[in-house]
Amino acid sequence: MDLSVRIGSLHLRNPLMAASGCYGYGVEYADAVNLSSLGAVVSKGLFLKPREGHPPERIVETPSGMLNAIGLQGIGVHRYIAEKLPELRRLGATNIINICGSTLDEYVEIARVLSDVDGVHALEINISCPNIKEGGITFGCSLHGTFDVVSAIRKVTHLPVIPKLTPNVTDVASIAKAAEEAGADAVSLVNTFLAMAIDVETRRPKLSNIVGGLSGPAIRPIAVRMVYECRRAVKIPVIGMGGIASATDVLEFMIAGATAVQVGTANFVDPFIWTKLLDGIERYMARHHLTCLSDLIGSIDTSTREKQWVSS
Ligand SMILES: Cc1cc2nc3c(=O)[nH]c(=O)nc-3n(C[C@H](O)[C@H](O)[C@H](O)COP(=O)(O)O)c2cc1C
């Protein structure tokens, strides 16, 4: 069976990627998981310099999901290159680096630094983090902001450029289109949904940052809808994520239009999820007489449903 998929010039052995921020820098899992068996590992978000993130409480459990406001804690791009990448190279991982910036210049500088480094296979541009004040989502919420960041990065790198979109907008497909017009090789979505939780006894917010980002199975149907909308709006590949916790979930995203998927929150529940996902996908392919998984991408059949798409 052929499980491989293509994202621009990037050839992945299968569509399963570890989502940013939910898999450390990848090396932390190397004793438990063969990293070269994953389609790709997406790094924790990296700024130019190390960053502390928010103080605790930074994580709260919610029904079928979790809220986080880590605040993009990270070691910075130079330490990542020196301390993490050599091991990831040795392990044969396909590395997508999630890059963040407080300013447009910072995004460009990080892209420039990473472009000449062996073992970096693509850049995921985080223009969607909901819980930091500067940068991030302020770019990803506007068509101009998205276009400006992506086109500036496009000019300084030959690596595949994958802007990661926020779901905290009215029309995510128009943002995907702006990214495509600016030269993106693919788009990934969704980052987390802005949300909050309150302790009713103390009447205090449960997160130190007051608001945070919601992830996990609770968001999955919204994410699937957004992937479906983006797939119809752009020609570049769409990488889908949001609450994936089983092979069926992966297949649902791919049928909606995702070329590849990322798994985030589910890693905290089951770090060994990958073999279960791959086994489930292969069983489905056998049952449906599929030899190429990529034939499934965007294969949703809406023929009798199209008119009812907006429910009454
Ligand atoms: C604890 C935590 C940290 C995250 N950190 C990042 C990050 O650094 N950069 C980023 O683009 N997304 C980050 N995300 C968002 C995830 O990559 C993913 O888009 C989101 O959680 C939805 O997928 P899921 O429901 O499978 O977790 C983070 C999510 C969580 C839960």
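Points to keep in mind about this one:
- One residue from A179, A186 being within 14 Å of the chain's Cα centre (by Cα), under 19 Å from P160 (Cβ atoms) and open to solvent by less than 10 Å² (accessible area, probe 1.4 Å): A186
- In region 266-302, the residues that are assigned to a helix (DSSP H, G or I), among the aromatic types (F, W, Y) and open to solvent by 50 Å² or more (accessible area, probe 1.4 Å): F268
- Considering E61, E52, E83, the condition of being open to solvent by 60 Å² or more (accessible area, probe 1.4 Å), of a type in the set (D, E) and at pLDDT below 95 is satisfied by E52 alone.
- Filter result for the condition that a residue is at pLDDT 95 or above, within 25 Å of L278 (Cα to Cα) and surrounded by fewer than 23 Cβ atoms within 10 Å (Cβ to Cβ), over A218, A233: A218
- Check on Y23, open to solvent by less than 20 Å² (accessible area, probe 1.4 Å) and under 23 Å from V108 (Cβ atoms): no
- The residue pairs whose first member lies in region 222-249 and is touching a residue at least 40 places away in the same chain (Cβ under 8 Å), whose second member is of a type in the set (D, E), and whose beta carbons are closer than 6 Å, counting only pairs six or more residues apart or on different chains, are V234/E180; I236/E180.
- Candidates K84, K44, filtered to the one that is under 24 Å from D185 (Cα atoms), among the charged types (D, E, K, R) and in contact with a Phe, Trp or Tyr (Cβ under 9 Å, 6 or more places away or on another chain): K44
- Selection within region 1-23: residues that are out of contact with any helix residue (DSSP H, G or I) (no Cβ under 9 Å at 6 or more places or on another chain) and modelled with pLDDT of 95 or more. The member of this set that is nearest to the ligand (Cβ to nearest atom) is G21.
- Helices (runs of 4 or more DSSP H) contained entirely in region 160-265, each with at least 3 residues that are more than 16 Å from the ligand (Cβ to nearest atom) and in contact with a helix residue (DSSP H, G or I) (Cβ under 8 Å, 6 or more places away or on another chain): 172-181, 220-233
- Within region 40-86, being more than 11 Å from the ligand (Cβ to nearest atom) and within 16 Å of the chain's Cα centre (by Cα) holds for A40, V41.
- Condition check for E61: in a helix (DSSP H, G or I) and not basic (K, R): no
- Checked against (1) buried (at least 23 other Cβ atoms within 10 Å of the Cβ); (2) part of a helix (DSSP H, G or I), A93 passes all but a single condition, namely (2).
- Pair list, Cβ under 6 Å, 6 or more apart: region 186-200 residue free of Cβ contacts under 8 Å to residues at least 12 places away in the same chain and at negative phi, other residue part of a loop (DSSP other than H, G, I, E, B) and open to solvent by 20 Å² or more (accessible area, probe 1.4 Å): D199/K206
- Residue count for region 26-46 under the criterion of being open to solvent by 10 Å² or more (accessible area, probe 1.4 Å), in a loop (DSSP other than H, G, I, E, B) and not small (G, A, S): the result is 4.
- Selection from region 139-160 of residues that are closer than 23 Å to V117 by Cβ, free of Cβ contacts under 8 Å to residues at least 40 places away in the same chain and hydrophobic (A, V, I, L, M, F, W, C): V150
The values are calculated or read from the model by the stated rules, or taken from the named source; none is laboratory data. Values in this document were obtained by computation on a predicted structure and should not be read as measured data. With ideal geometry, Cβ positions are generated from the backbone for all residues, glycine too; neighbour counts draw on all protein chains shown. Heads up: the accessible areas ignore ligands, DNA and RNA and are worked out on the full protein's heavy atoms, side chains in. Shrake-Rupley method; radii C 1.70, N 1.55, O 1.52, S 1.80 Å.
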